[in-house]
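The values are calculated or read from the model by the stated rules, or taken from the named source; none is laboratory data. Owing to the predicted nature of the structure, the values given are computational and were not obtained by experimental measurement. Cβ placement follows ideal geometry from the backbone for every residue including glycine, while neighbour counts extend to all protein chains displayed.
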Amino acid sequence: MNFSGIPRWVYGLAAVGGLFVLLPLAAMVAKVNWAQFIPLVTSDSSLTALGLSLRTSAASTALCVVLGIPLALVLARRPFRGQRLLRAFVLLPLVLPPVVGGIALLYTFGRQGLLGKSLELAGIQIAFSTTAVVLAQTFVALPFLVVSLEGALRTAGNRYEAVAATLGARPTTILRRVTVPMVLPGLASGAVLSFARSLGEFGATLTFAGSLQGVTRTLPLEIYLQRETDADAAVALSLVLVAVAVIVVGLSYRRPHRADIPAEAAA
Amino acid sequence: MSFHIDATVRARNLDVSLSLGQAETVAILGPNGAGKSTLLSVAAGLVRPDAGSARLGDQVLFNLDGGSRVWTPPHLRGTALLAQEPLLFPHLSVLDNVAFGPRSAGASRAESRETARHWLAEVDVMEFSGRKPGQLSGGQAQRVAVARALAASPELLLLDEPMSALDIHAAPHLRRLLKRVLSGRRALIITHDVLDALMLADRVIVMDKGRIVEEGATREVFRRPRSQFAAGLAGVNLMAGTVTEDGLRTFANAELPSLHVAGHLDDEAEPGEPGVAAFPPSAVSIFLDAAHGSPRNSFPVAITDLEPHGDHIRVRAGDLAADITPSASAELGLEPGSRVYFVVKATAVQVYAA
């Protein structure tokens, strides 16, 4: 047996911690009405909500990737005045109550909002639409991707990019053929976390997008609504959400990320 | 068609001016922190100097003097950089690593792979073309890196200690390879190895504290070193000072006061002009008391180190060194801190212009 260096009482506390997470899930599974499970989760409203959740989460993950890669690059590469402040603001949604985020989005994109007024004139209405769901999810999920990717970029360093430049590659070519491929594991785990966070988003969505069936009522909203009238349906849908989350997280943490730097560089 | 660079980087205390001919390889020697790598980075466009200009053939690499400032980004310079570590892109196959340069220059996938195969064959690693860099040994990876740099058809090849990360078996192989591919090319190579300089370079420059302190044909620099660093590489003791009728009056330094060294004057050494006195460590004897009677030179020194050197003991006293037999060392009871006299015959001392 290898020496672990962990005091015995730590195992005790770790067991309590594990149970704290597992026990509520087990309690929920115990409450599932298995006889009615299939009809409950395949009802029209359930399938509509699940479909909307998956579609909007996929869209917001894509938006996180498009906006998150540039943000992570700017934060990880060259230091500049105000960089710490920018990082603090980008990470703010991690600690902000989602309801507050929803209100902030409403005052930006809502009818009377900062940008909403101009958009309204152009005939574009964002609040209480599916687009609003995607924006709310992106707002809360973006920091997960940026944090994960910035770490990967810092670890990788920019020596490979320098070599690529002296070999004649333009900056855009370097980004496409060297930088992004080299941080792909970090980008993938960041994208998975963003997707999972989008899938579970509730507060900002409800505030900014409302709860219109088929338009803005995602699975978490549907569960909350069902809880009032049909507890069995709420529990069944919760289990579906847990299953999706477990699959997503399981896929990304299937194996520990090994550093993608070859042995020669580490030697 | 030549290369000229003139650059000042204040933050790193670099101030250098250097020219290279059409097919000339120049070795850059110097202690750590002398600014050698910074010079290469400036040439490659990875570090922006505060002032200066550089040209490569007809192309202006940068011109930061005067009104119209020019800055050519790294990818348009044609200056491929080869570092200590191969830095092969880990996600690309060996073939695609080497094809990277031609592909970036606009060649099609097929054309660039054709070019890559040519260079892989040239550096004798064709059999690894399908592998990932992680599956190569250090020596193999560095050969692939050479092929990758050459495939970009650089006008100027910049090599930053390409052999220093290799084990003693891989280094000679790569040195032979570089000798073959560097002939007829323009290259700057940073090295700590006399052998690299002698085998690969037409000319050497010695840098210290961000300045070029010595330059000349490789053999000449090692035959008659004028800087302390080159003297160390050439394995001779060097003392700087002013030439006199029959030797040299040294400059005082931390270890020795100004003193007169009797020696054989070179034809070009003019009394009154700056010069250096050089003598091999094997010509130095060690005495516990001051020796008398010319034509011997006697330097009072304090021993700093003793180390094995072949079948002799190398006794160091500051910048000076003496090689003596182990039995002589034991007899004298030498140890660091001992105050002794380094004695050398005037006929063993060469005095030449600095």
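Descriptive notes on the structure:
- Under the condition of being part of a helix (DSSP H, G or I) and in contact (Cβ under 8 Å) with a residue 40 or more places away in the chain, the residues counted in the stretch A:153-174 number 4.
- When residues in the stretch A:6-39 are screened for being over 27 Å from the mean Cα position of the chain (by Cα), within 23 Å of A:Arg227 (Cα to Cα) and in a helix (DSSP H, G or I), 8 of them pass.
- Residues being farther than 16 Å from A:Val246 by Cα and among the basic types (Lys, Arg) - total across the stretch A:182-217: 1
- Here B:Glu255 fulfils each of the conditions (1) out of contact with any Asp or Glu (no Cβ under 8 Å at 6 or more places or on another chain); (2) surrounded by fewer than 19 Cβ atoms within 10 Å (Cβ to Cβ) apart from (1).
- Residues in the stretch A:162-179 that are facing chain B (nearest Cβ under 10 Å) and not hydroxyl-bearing (Ser, Thr, Tyr): A:Ala162, A:Val163, A:Ala164, A:Ala165, A:Leu167, A:Gly168, A:Ala169, A:Arg170, A:Pro171, A:Ile174, A:Arg177, A:Val178.
- Counted as qualifying within the stretch B:59-164 are the helices (runs of 4 or more DSSP H) with 3 or more residues that are facing another protein chain (nearest Cβ under 9 Å), namely B:94-104, B:138-151.
- Filtered by the rule that a residue be closer than 15 Å to A:Gly68 by Cα, of a type in the set (A, V, I, L, M) and touching a Phe, Trp or Tyr at 6+ places or on another chain (Cβ under 7 Å), the stretch A:168-202 gives a lone residue, A:Leu193.
- Index of the failed condition, B:Ser285 passing every other in (1) loosely packed, with under 12 Cβ neighbours inside 10 Å; (2) assigned to a strand (DSSP E or B): (1)
- Residue that is nearest to the other protein chains (Cβ to nearest Cβ) [pool: residues in the stretch A:130-161 that are in contact with a Ser or Thr (Cβ under 7 Å, 6 or more places away or on another chain) and of a type in the set (Ser, Thr, Tyr)]: A:Ser148
- Residues that are in contact (Cβ under 8 Å) with a residue 12 or more places away in the chain and more than 19 Å from A:Gly151 (Cα to Cα) number at least 2 in the following helices (runs of 4 or more DSSP H) confined to the stretch A:74-140: A:98-109.
- Only one of the listed residues (B:Leu177, B:Leu188, B:Leu182) is within 14 Å of chain A (Cβ to nearest Cβ) and among the aliphatic types (A, V, I, L, M). That residue is B:Leu188.
- Pairs, first under 21 Å from A:Thr172 (Cβ atoms) in the stretch B:102-116, second aromatic (Phe, Trp, Tyr) and surrounded by 14 or more Cβ atoms within 10 Å (Cβ to Cβ), C-beta under 9 Å, six or more apart: B:Ser112/B:Phe100
- When A:Val147, A:Val134 are checked against the criterion of being under 17 Å from the mean Cα position of the chain (by Cα) and at pLDDT 95 or above, A:Val134 stands alone in meeting it.
- Considering residues of the stretch B:1-53 that are in a helix (DSSP H, G or I) and within 14 Å of another protein chain (Cβ to nearest Cβ) only, the residue surrounded by the fewest Cβ atoms within 10 Å (Cβ to Cβ): B:Ser37
- Of the residues making up the stretch A:180-216, those that are buried (at least 18 other Cβ atoms within 10 Å of the Cβ) and either within 14 Å of chain B (Cβ to nearest Cβ) or in contact with a Pro (Cβ under 7 Å, 6 or more places away or on another chain) (or both) number 9.
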